[in-house]
Amino acid sequence: MKITVIGSGYVGLVSGVCFAKLGHEVVCVDKDEKKIVALKSGQVPIFEPGLPELLSSVKISFTKNLKDALSGSGAVFIAVGTPQDEDGSADLSYVLAAAKEIAELSDSYKLIVTKSTVPAGTGAKIKTLVSATNPQLDFAVASNPEFLREGVAINDFMNPDRIVVGVEDEKSQKIFEEIYASFPREKLVTTDIITAELIKYASNSFLATKISFINEMADLCESVGGNIKQLSKAVGLDSRIGEKFLNPGPGFGGSCFPKDILAILNVAKENNVELSLINSVITSNQKRKQKMVDKIRQIPAQKIALFGLAFKGNTDDIRYSPAITIAKELAKSGLEIFAHDFAAIENSRRELSEFKNISFFEDLYEAANDADLIVIATEWEEYKKIDLSKIKTKKIIDLRNLFDAEEIRKNGFEYFCIGGK
Ligand code: UGA
């Protein structure tokens, strides 16, 4: 099937390339000329392991011309940004502008699908807008939220737990069955549009809640003398709870959870529904970062090697990164920071440019060289492989619990972790 994907950002590009891998004819459209030129020459403008290789192995085209891209295509996926408005709600202007253009430029049936994370009710808004813009157009609206995580996006797309499709008629469902024909049929969860839209927010809110929960349990463990690693493992072994997303840390960040929980709160507020639990997750996560700063400050040190700047491992993304908040707070209190990351240095340099007491290192051993204390703030797997014999400073505070406490202490380190022991 010919598929058009509007927006070649994170979700759009990964989805487009993966659709092509599934054997569909894919055209990706973006207004950014530079991005299109780069993509045409095989350059991937985002950091995502495996994506450049996958891109070079599939047949896919990129264009700025939406009219050409729509010609002959059965399904159009809108994957443009939904940034956060000042009040926390999702800004739908790019989504609605894309829908309007689809209406103006289409002359045959289109299934118009939102892949971007959009608030409940967006499908209905798109329907009204498209009908008003082009009353003659034969079309249907659908929602197909994406659940991929940065850093493991291709694997998440290709091996989904479920594929959620919100449809309003049987024809739309048949189109999705064709698009996702390579996956086992039972993976496809079909709902109405508004429920599909809500599923995305509910999933992200639940995961954010799970993380905040385990972070609070870590605090409790620490105070009463428990061990969060053991607690987390045993709690997670209950199949009703599940072991994933039970790793305590400095709080969740990224471009999704912080934004999506605010957006769901906004939807709730508009509909006079109280989501007190989600409200408290926001508070808990905000406090978390300051708690981490306080924890670091309790350890006497003037020069700090900060390991990790990205909001999580395997990405160069620093949006709402707890590591960046920690860097800023420590720098504000006059400490000298030697920052290291495997991919996020360039982005961090821009974000932290006002702090003259933060310097950046490509080599983690160099970052640690003059430090009194190492702070591990991002869960890059590579940090686990550090050659400890090359580290001079003997004090580490590990906000991601990457190391085995007993083992590292045996190596002569004064080791502080999250959640006791
Ligand atoms: C998240 C969701 O996991 C995806 O399913 C969803 O598609 C995506 O948002 C989105 O809405 O686009 P992502 O933001 O890439 O994916 O990152 P996650 O891997 O979910 O991590 C989010 C934050 O939680 C990171 O700061 C991470 O370090 C933190 N985290 C995660 C923990 O502190 N502990 C955990 O156990 C897991």
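The label point for K421 and the one for K394, both projected 7 Å from the Cα toward the Cβ, are 2.5 nm apart. What the Cα atoms of the chain give is an Rg and a Dmax of 23.2, 75 Å.
Label 7 Å along Cα→Cβ of D363; segment 299-325 residues with amide nitrogen under 18 Å? Only 305-308 pass the distance filter.
Counting only alpha carbon atoms, the long axis of helix 122-133 and the longest principal axis of the chain meet at about 40°. Each peptide in 102-111, 317-326 receives the mean, over its residues, of other Cβ atoms within 10 Å, and ordering these scores from highest gives 317-326, 102-111.
To the nearest 20 debye, what charge dipole does segment 260-329 have about its Cα centre, counting +1 at the Cβ of each Lys and Arg and -1 at the Cβ of each Asp and Glu? That gives a dipole near 420 debye. Taking the C-alpha atoms only, the angle from helix 322-332 to the longest principal axis of the chain is near 50 degrees. Dipole of the chain computed with +1 at Lys/Arg Cβ and -1 at Asp/Glu Cβ about the Cα centre; of Y201, V76, T393, farthest Cα towards the positive end is T393.
Mind ranking 291-303, 264-276 by how tightly packed they are, going by the mean number of other C-beta atoms within 10 angstrom, highest first? Present the calculation step by step, with values, prior to reporting the outcome.
Working: 291-303: 15.5, 264-276: 13.9.
Those peptides, ordered most packed to least, come out 291-303, 264-276.
If the cut-off is 17 Å between C-alpha atoms, which aspartates and glutamates fall inside it for K233, apart from same-chain ones fewer than 8 positions away? Once the sequence-local aspartates and glutamates are set aside, what remains near K233 is E216, D219, E222, E243, D404. Measuring against 26 Å, Cα to Cα, the residue pairs K210/K303; K244/K287; K229/K295 contain K210/K303 as the ones spanning a longer distance. All other residues whose Cβ lies under 12 angstrom from that of A405 are scored, Lys and Arg at +1 and Asp and Glu at -1, for a net of -1. Count Lys and Arg as plus one, Asp and Glu as minus one, and take only other residues whose Cβ is under 15 Å from that of D363; the net charge is then -3.
Taken per residue, the accessible surface of segment 201-276 reaches 53 Å², heavy atoms only and a 1.4 Å probe. Available extension along the chain between N65 and Q136 is 23.4 nm, counting 0.36 nm per residue and deducting the alpha carbon span. Along the axis of the charge dipole computed for the chain (Cβ charges of +1 for Lys and Arg, -1 for Asp and Glu, origin at the Cα centre), the listed residues S89, Y415, W380 are led at the positive end by Y415. Rounded to the nearest 20 debye, the dipole magnitude of the chain is 520 debye, with +1 charges on Lys and Arg beta carbons, -1 on Asp and Glu beta carbons, and the Cα centre as origin. Hey, with R₀ at 35 Å, roughly what FRET efficiency would E406 and K187 work out to, going by the Cβ-Cβ distance, to 0.05? Computed FRET efficiency for E406 and K187 comes out at 0.25.
Give the carbon-plus-sulfur fraction of the accessible surface of segment 1-78 in %, rounded to a whole number; probe 1.4 Å, heavy atoms of protein chains only. Its accessible area is 54 percent carbon and sulfur atoms. Each residue of segment 388-405 is assigned a 3J(HN,Hα), and the resulting list reads 4, 5, 8, 9, 7, 5, 9, 10, 10, 10, 10, 7, 10, 6, 6, 9, 7, 4 Hz, derived from the Karplus form 6.51 cos²θ - 1.76 cosθ + 1.60 (θ = phi - 60°), x at Gly and Pro. Taking a straight line from the alpha carbon of K67, these aspartates and glutamates sit under 18 Å away, with near neighbours fewer than eight places off in the same chain left out: E25, D30, D32, E33, E101, E104, D107, D138. Taking each DSSP H run with n ≥ 4 as -39500 (n - 2.57) and averaging over every residue of the chain yields -13000 deg cm²/dmol at 222 nm. Remark on S321: its backbone amide H falls under 5 Å from those of G254, a criterion applied only to residues 5 or more positions apart or on other chains, H modelled at 1.01 Å from N. The peptide list 144-156, 114-126, put in order of mean Cβ contacts within 10 Å with the highest first, becomes 114-126, 144-156. If I model a spin label as a point 7 Å beyond the Cα along the Cα-Cβ vector, how far apart are those points for R240 and K384 in nm? A separation of 3.0 nm, rounded to one decimal place.
Taking a threshold of 23 Å on the Cα-Cα distance, which of the pairs K171/K259; K200/K384; K2/K59; K312/K390; K385/K410 fall above it? Intermediate values should be presented prior to the final figure.
On the way: K171/K259 33 Å; K200/K384 32 Å; K2/K59 12 Å; K312/K390 25 Å; K385/K410 16 Å.
Flagged as over cut-off: K171/K259; K200/K384; K312/K390.
Please report, as a whole percent, how much of the solvent-accessible surface of segment 365-421 comes from carbon and sulfur atoms (probe radius 1.4 Å).
Numbers: 1170 of 2700 Å².
Ligands and nucleic acids excluded, carbon and sulfur give 43 percent.
Measure nothing but the geometry: give the 0 to 90° angle between the long axis through the Cα atoms of 170-179 and the longest principal axis through the Cα atoms of the chain, rounded to 10°. Between helix and principal axis, roughly 60 degrees.
The values are calculated or read from the model by the stated rules, or taken from the named source; none is laboratory data. Only a predicted model underlies this, so the values are computations on that prediction, with no experimental measurement involved. When we count neighbours, we look across all protein chains shown, and the Cβ atoms used for this are built from the backbone with ideal geometry, even at glycine. Keep in mind that these areas ignore ligands, DNA and RNA; they rest on the heavy atoms of the full protein, side chains included. Shrake-Rupley method; radii C 1.70, N 1.55, O 1.52, S 1.80 Å.
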